[in-house]
1. Decide, for the chain, between rounded, prolate and oblate: order the square roots of the alpha carbon gyration tensor eigenvalues as a ≥ b ≥ c, take rounded if a/c falls under 1.5, and otherwise choose prolate if a/b is larger than b/c, else oblate.
2. Calculate how large, on average over all directions, the projected area of the Cα convex hull of the range 328-386 is; give the answer in nm² to one decimal.
3. Counting only other residues whose beta carbon sits under 12 Å from that of L464, what net charge do I get with K and R as +1, D and E as -1?
4. Assuming a ≥ b ≥ c are the square roots of the Cα gyration tensor eigenvalues, decide whether the range 207-312 counts as rounded (a/c under 1.5), prolate (otherwise, with a/b larger than b/c) or oblate.
5. Per residue, how many Å² of accessible area does the range 358-489 show with a 1.4 Å probe?
6. Quantify, in whole percent, the carbon and sulfur part of the accessible surface of the range 122-274 (1.4 Å probe; protein heavy atoms only).
7. What does DSSP give for the chain in terms of the percent of beta bridges that are antiparallel, rounded to the nearest 5?
8. Take the Cα atoms of the range 1-152, build their convex hull, and give its volume per residue in Å³.
Amino acid sequence: MSTRATEVEDTWDVIVIGGGSAGENAAQYAIRGSERTAVIVEHELVGGECSYWACMPSKALLRPVEVVDAGRALPGVASILEDSLDPAPVFDRRDSFTHNHDDSGQVEWARNAGIDVVRGRARLAGDRLVEVTGGDGATRILHAHHAVVIATGTTPAIPPIEGLREAEPWTSRDVTNLREIPDRVAVIGGGVVACESTTWLGGLGSREVTIIELERTLLGHLEPFAGAMMAEQFKERGIAVLLGTQLQSVHRPDVRDTGLGRIHGGPATINTGDATLEVDEIVVAAGRTPASADLGLERAGVEANEHGYLDTDDHMAVVGAGDWLYAVGDICGRALLTHMGKYQGRIAGNVIAARAEGRSADGPRCRDLADHGMVPAVVFTDPQVASVGLTESAARANGVDVETLDYDIGSVAGAKLLRDGYTGRAKVVVDRATDTIVGATFVGSDVAELLHSATTAIVGRVTLDTLWHAVPSYPTVSEVWLRLLESRA
């Protein structure tokens, strides 16, 4: 904490702590079409995790792997494909999306939108006050006339396993920005980041890839068949899948401090209790930690919950802080997804704008609804996994009387045309009482493009009788919707 006397130096209508996409949306929506002012305080890169270390670089790495795999399933195309991908141009294309970690374009966007940018680490300093410490150690106090929005996100978690942290493992940031493909690699975890990392490492040339997951299934938060199909596809590609496996210890002797950071020059040995495994790199994809530890929350009279996240109401206002402090994005712990953070940012921005203008903050665009059982998500692996809403087990746990409809996507004509040997499955969860869909899961090539129709049906509470009249084009994979409805008849 700074010992400098609190002195208001600068005032904006809205201050946003964190320059990721959620914070950017909150700032933009809070001031657009008005004379209000906003500032984003960011200690790293404006654009945040998604732009430089998560969504964009990871999908840039995954897309070539997906295209080559699809081509190898098409006669006439398979014969002209090289045996393996060339990582160098893939890395160059990835870097074009991250702008080589240059955020000047994002800063320019912000300023063109009327949003100022201040560099430094921010902490709450009181009611509508934010203290910012710059890279030179100097501090300044910012004052918000209307609102402060916290959008600090999360950071990669490293489990407390003997020797793991000391072995200098890769986190999600490292594996999305890799420069060389490791020959032998272990991926710790079984969630989205773990499965996507495993996909591009194997696809770009790692000779031995092993995914190690404590639970007995991959993607354990989804329908069980999704994780089972993912594991089967990994095994067919020569990837070792160790489920129900506890990592006991890691030993990497050749780690040294160069003065520029700790590096390693040799392999690591992983002990699972049942076996040992020697690898060249370890990727830790075992969850995230909320970045709430040093935000000065106590000065605002609030605290994080037991998991370190900030509880918010449906206006995205932090519970217990009145109507001036908001939180959006991963820091809320609701749905750690970029599109949901942007959605929350739009809500918070609309609420701030309404209150600043003396309007009601209870309008349809000022209340969060989608976080409650309507969250869409895609795992961009091969095959893709797309889901929205509740799983069957979650719906039953919530007391919903459900029935399920399942169909083999590979039986649809459009899927057969897409690639030979198409393997996929669709499942929807139907609330019997309302005759509406409350959950949907798709596994297969290119199923991400099926997801928004399911999201629209769930959010719009479209009955199955009405869906009968939503005619899918032929021959497309979307015809699976008709087949799902027919399976109920």
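The values are calculated or read from the model by the stated rules, or taken from the named source; none is laboratory data. Since this is a predicted model, take the numbers as computed values, not measurements. Heads up, the Cβs are rebuilt from the backbone with ideal geometry, glycines too, and the neighbour counts pull from every protein chain shown. Quick note on the areas: whole protein, heavy atoms, side chains included, nothing else; ligands and nucleic acids left out. Shrake-Rupley method; radii C 1.70, N 1.55, O 1.52, S 1.80 Å.
1. Values: a/c = 1.85, a/b = 1.20, b/c = 1.54.
It comes out oblate by the Cα gyration axes.
2. Numbers: hull surface 17.6 nm².
Its average projected convex-hull area is 4.4 nm².
3. Details: positive: R432, R461, R488; negative: E403, D431, D435, D465, E486.
Value of the local net charge: -2.
4. Details: a/c = 2.80, a/b = 1.27, b/c = 2.20.
Because a/c hits 1.5 or more and a/b fails to exceed b/c, the range 207-312 counts as oblate.
5. Working: 6220 Å² over 132 residues.
I get 47 Å² per residue for the range 358-489.
6. Working: 3250 of 6700 Å².
Carbon and sulfur: 48 percent of the exposed surface of the range 122-274.
7. Values: 50 of 86 bridges.
Roughly 60 percent of the beta bridges in the chain run antiparallel, per DSSP.
8. Details: hull volume 20.8 nm³, N = 152.
Convex hull of Cα atoms, per residue: 137 Å³.
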